[in-house]
1. Amide H neighbours of GLY180 under 5 Å, counting only residues 5+ apart in sequence or on other chains, H built in-plane at 1.01 Å?
2. Can you give me the distance in nm between label points at VAL245 and THR287, each placed 7 Å from the Cα along the Cα-to-Cβ direction?
3. Test of understanding: what is the full-extension gain from ASN148 to ASN62, defined as 0.36 nm times their sequence separation minus their Cα-Cα distance?
4. Taking 0.36 nm per residue of separation and subtracting the Cα-Cα distance, what length does fully extending MET257 through GLU197 add?
5. Please compute one quarter of the surface area of the Cα convex hull for the range 172-276 and express it in square nanometres.
6. For the range 136-292, report the accessible area per residue in Å² (1.4 Å probe, heavy atoms, rounded to an integer).
7. Past 27 Å, Cα to Cα: identify those pairs from LYS208/LYS275; LYS45/LYS114; LYS137/LYS208; LYS137/LYS183; LYS137/LYS252, in the order given.
8. Using R₀ = 22 Å, calculate the FRET efficiency as 1/(1 + (r/R₀)^6) where r is the Cβ-Cβ separation of GLN232 and ILE181; round to 0.05.
Amino acid sequence: MLHMAKENFIYFSYRRSFQPICLYNSTSDIGWGCMVRTGQMILAKALLQSYGDARITNESQNDAMSPYRSILRLFMDAPGKPFSIHSIIEANQNLHGVDKKVINRGGEWFAPTKISLVLMHLVFWHKPSNLIMHVPKTGAVYIEEILNLCENEPGEQNGEYIEENGEWSPMFLLIPARIGIEKVNESYIPHLKEILESPYSVGIIGGKPRASLYFIGYQENHIIYLDPHVVQSTVDPDETFSDRVLDTYRCKNVKKMSISKIDPSMSIGFFFASKDEFLDFVDRYNTFASEYPVIFSIEEESPDYVHNDNSLYLESFVTI
């Protein structure tokens, strides 16, 4: 089944002739930026969900004040844009330092875990749509941790005073996983399909060796994906969103490949607009896990050796 229609995604691909990325002095991400682009796609999908209606229509594309256009502006290829390739590279430098070999190559190929962590830090600092993003440190999802992150305590929140508990901040959960050593362990394929069928899925960023793809569904034993390996000219961030410009952010077609051929390393995305959605996700997981092998675990609370306070870790990150 194709769980999500390609029309309901903002499509990002290789671009050329953008403003130089200071670290590399690169004006294109051809050959190295595919994981950055799939990371942008899955984050943009979560942001679309956060507005309550993920459908992209002709009306939303033509409305200058639409959430679709507001989200798109966050990702334009220019320094200073919250989720541009420039900001992602600079955030990665702040987190992980500089590799001189990467500078000489003109760009760095990201692994799923690395792009997940970089995006989490950028979301923490820019807080689009009051979104909370969480990347589990151990590969396990702890219910208590998610509830603590998303349920606001009484007090001032975004300039307003909240008197009662239970105000929920939307959650984008991105879980790094590995489902095999050199190739996919086929015992996990049923769970992979179950994930892509979930009403809370925003897709999976993974791919095949050295090529990142964005998985959005499946058909029998084939996985459906959006491919960022298409080279387009950069859009001027100050340019009006004409039909020509908007067309470059639309996926023209989807592709498919055998699930057995995908790389075993990936990050799995979910979005929860409410506490009820998250708890329903947990119930569905528990039902499935009682019969089949699962890719990740869900536990009530974290063990003592897992530090739950993300704020200390995130606030050590240099804002950009």
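The values are calculated or read from the model by the stated rules, or taken from the named source; none is laboratory data. In this text, all values refer to a predicted model and were calculated from it rather than measured experimentally. Using ideal geometry, Cβ is built from the backbone for each residue, glycine included, and neighbour counts are taken over all protein chains shown. Just so you know, the surface numbers come from the protein's heavy atoms only, side chains and all, with ligands and any DNA or RNA stripped out. Shrake-Rupley method; radii C 1.70, N 1.55, O 1.52, S 1.80 Å.
1. ASN185
2. Between VAL245 and THR287, the simple spin-label model gives 4.5 nm.
3. Working: separation 86, 0.36 × 86 = 30.96 nm, distance 3.85 nm.
Taking 0.36 nm per residue and subtracting the Cα distance, the gain is 27.1 nm.
4. 19.9 nm
5. 8.7
6. Numbers: 7620 Å² over 157 residues.
In whole numbers, the range 136-292 has 49 Å² accessible per residue.
7. In this structure, LYS208/LYS275; LYS137/LYS252 exceed 27 Å between Cα atoms.
8. Calculated transfer efficiency: 0.05.
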